[in-house]
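The values are calculated or read from the model by the stated rules, or taken from the named source; none is laboratory data. All of these numbers come straight from a predicted model, not from anything done at the bench. Cβ atoms come from the backbone with ideal geometry, glycine included; neighbour counts cover every protein chain shown. Side chains are part of the model used for accessible areas, which takes the heavy atoms of the whole protein and leaves out ligands, DNA and RNA. Shrake-Rupley method; radii C 1.70, N 1.55, O 1.52, S 1.80 Å.
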Amino acid sequence: MITAKGLSKSFGDFVALDDIDLQVESGEVYGFLGQNGAGKSTTMNILTGLSKPTRGSCIVNGFKLAKISNPGELQIGYLPESPSFYPWMTGKETLEFLGSRWSKGSLRKRVQEMLGWVSLTDSAKRRVGGYSRGMKQRLGMAVALFYDADLIFLDEPSSALDPEGRSDVLKLILDLKERGKTVFLSTHILSDAERVCDRVGIISRGKMIMEKPLATMISENVKSLYDVVIPGNEINDELINKIKALPGILNVETAGDTISVSVDLPEREGRRLLKFFAESELNVLSFCMRRATLEDIYLKEVAVDGD
Amino acid sequence: MEIKTLLKKELLDGVRNYRFIIIFAAVFFFAILDPVLNKLVLPEVLRSQFPDMPEALMNEMLFTTQVANIRGFLGNVYQLSSLIIAFSISGIMAQEISEKTLIFPVCTGKSFASIVAAKLFVYGSCVITATTLGAMINYFYAGVLFEFGLPSAIPALRAGLLNGTYMIYMVAILIFMGALARKAIPAGLLTLLLYYGTRLIGDLFNIHNYLPSGLLIEAELLAAAPSLSFIAGSLATTVALIIILSSLTVVRLSSLELTRG
């Protein structure tokens, strides 16, 4: 759906994007992560045809970006970070204006459907200038999805929304995924990305520092750490020393009724550790490997890049 | 379908942002006020300022005709109404770029050529209607107050149309300057520079028949039998310049990064 090679963009001496490679497959939800000013929106603007790269090539939805004369040719849905509308138009008029490719009867039906879907039916006849930021964001979402495009770009779609609205957006992205749509999602909210994305790209200071399927990214970053929960009165120095004496154990820490054990090789030491607790007379309440979150990986990668 | 939607949008914009009202008011103000000033206000002012002036001299100074009134109106439209209109609609393109409102229309398939054409058509129609109606109002009002000096309303009607055509040229400059400057006030200033400059160049080099300003010269003559060859030359140049300016606007918009405002 999207193939970008060596994408670079400079504004005078400032290099906003440096040699970015990107691959987004059809039906995938691609999470594009990075700090403020990392180059996310610049990349998004290039991929939507609204900005031209200084170097590099890009194919979006089957169209070579260098060959299009108007972004509309890409047949994509796009929600910018801060959607701008005509303040003197009502929400309904905005959708009617932007959705004019539909026939009159279908347009009316579609407008009602989209207004209902973004919960703006009651405000449909109010001028957009009087809308809150969240309402504008929801109207922008309706515009992005109006034509039911196969490829949808969402730039921080939930940044201005309340928790309920955010949850609705995530449900919608999952719904789009189920319907086989491809979503390119830029977000700051890592837990959101973790919930909906198949593949994640992390950009820092204009460079792509990591791009992998989310599952691979997490499995490669599994922490060599086990958390064992037993009743607090059963934890004592003798037990801790026994665990420390096991081969391959790097460190043992306790917090309340949890013993955290760092190991050398998680699979081998994990089996050994499990055997140790199974053969002991301790009341083990839980035994699990601590899972790395996207946030852990993101912070680690961005910190490494910062060094 | 696309152009129809864009025309509707420009009409709504003009109505809701009071742009049409300002355009008509800027023209009709002079159409109505000029004859009233000449007939009622000016004599009173002169009499109060020069109470000892002999009546014969006063009458000679105050003598005016319908033709002189229409010429005065056309002069005011060119010099003053255009100034008000240029600044009141200076944002039709510039504001769209600076406020990034073009992003959604362009992303949903509206072409730059249609966007420019719709603006030019709506505001061009508005200015030519305003000047033509203004000229007719002025013709009848000045005729009632000072006697009808023109053989018919045709010369006044033609003057309004020619003046309005020159103003369409101004709208084309304004749209181009908006895309170039991306800010409303600089776009308005640059437009007026070219708008007044065109006539100045025509005056300096006596080449009005090759410039849009020839339309103003022909309008002010209020001739019963107009010089068709003169009008045709100026009109052809005006149309060519409007097409060139509109094409340059489309090229400029295509190369512009709309997301940067």
Averaged over residues of B:95-107, the number of beta carbons from other chains lying within 10 Å of each residue's Cβ is 6
Counting other chain Cβ atoms within 10 Å of each Cβ in B:108-120 and taking the mean gives 3
Percent relative contact order for chain A, counting Cα pairs under 8 Å at least six residues apart, stands at 19 percent
Rounded to a whole %, the carbon-and-sulfur portion of the accessible area of the protein assembly as shown at a 1.4 Å probe is 58 percent
By the C-alpha gyration tensor axes a ≥ b ≥ c (rounded if a/c is under 1.5, else prolate when a/b exceeds b/c, else oblate), the shape of the protein assembly as shown is prolate
If one builds a Gaussian network model of chain A from Cα atoms under 10 Å apart, the most fluctuating residue listed among A:Asp257, A:Asp21, A:Asp237 is A:Asp237
Per residue, accessible area of the range A:204-307 with a 1.4 Å probe, heavy atoms of protein chains only, in Å², comes to 59 Å²
Largest fluctuation, B:Ala142, B:Ala172, B:Ala225 only, Gaussian network model of chain B with Cα springs under 10 angstrom, belongs to B:Ala225
Nearest-0.05 FRET efficiency for B:Ala153 and A:Ala215 at R0 = 56 Å, using Cβ-Cβ distance, is 0.10
Out of B:Ile185, B:Ile128, B:Ile244, a Gaussian network model of chain B with alpha-carbon springs under 10 Å gives the largest mean-square fluctuation to B:Ile244
Label model pair A:Lys300, B:Leu145: point-to-point distance (7 angstrom along the Cα→beta-carbon line) in nm is 8.6 nm
Once Lys and Arg are counted +1 and Asp and Glu -1 for all other residues with Cβ under 14 Å from that of B:Val144, the total becomes -1
Rounded to whole Å², per residue accessible area for the range B:2-254 with a 1.4 Å probe reads 43 Å²
Interchain or sequence-distant (5+) residues whose placed amide H lies within less than 5 Å of the amide H of A:Met210 are A:Ile202
Simple spin-label estimate for B:Ala113/A:Leu274, 7 Å along Cα→Cβ, in nm, reads 6.9 nm
With a Förster distance of 30 angstrom and the Cβ-Cβ distance between A:Arg195 and A:Leu282, calculated FRET efficiency to the nearest 0.05 equals 0.25
Here the gain from full extension of B:Leu204 to B:Phe28, 0.36 nm per residue of separation minus their alpha-carbon distance, amounts to 60.3 nm
Between the alpha carbon centres of the range B:8-26 and the range A:1-40 the gap in Å comes to 42 Å
Rounded to the nearest 10 Å², the accessible area of A:Thr254 using a 1.4 Å probe with every protein chain kept is 80 Å²
Honestly the range B:2-254 on the Cα gyration tensor test (a ≥ b ≥ c root eigenvalues; a/c under 1.5 rounded, otherwise a/b vs b/c for prolate or oblate) is just prolate
With label points set 7 Å from each Cα along the Cα-to-Cβ direction at A:Arg55 and A:Arg133, the distance between them in nm comes to 3.7 nm
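Taking Cα pairs under 8 Å and at least six residues apart, what relative contact order does the range B:42-165 come out at, in percent?
Rounded, it is 37 percent for the range B:42-165.
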Quick tally, 1.4 Å probe accessible area for A:Glu220, B:Glu257, B:Glu2, sorted with the most first, runs A:Glu220, B:Glu2, B:Glu257
Rounded to the nearest 100 Å², the accessible area buried between B and A, both sides, probe 1.4 Å, is 2600 Å²
With the full set of protein chains present, the residues of the range A:140-182 whose 1.4 Å probe accessible area falls by 10 Å² or more relative to the chain alone are A:Val143, A:Tyr147
A chain fully extended from B:Val15 to B:Gln79 at 0.36 nm per residue, minus the present Cα-Cα distance, gains in nm 20.6 nm
Given a Förster distance of 45 Å, the FRET efficiency implied by the Cβ-Cβ spacing of B:Phe50 and B:Ala240, rounded to the nearest 0.05, works out to 0.30
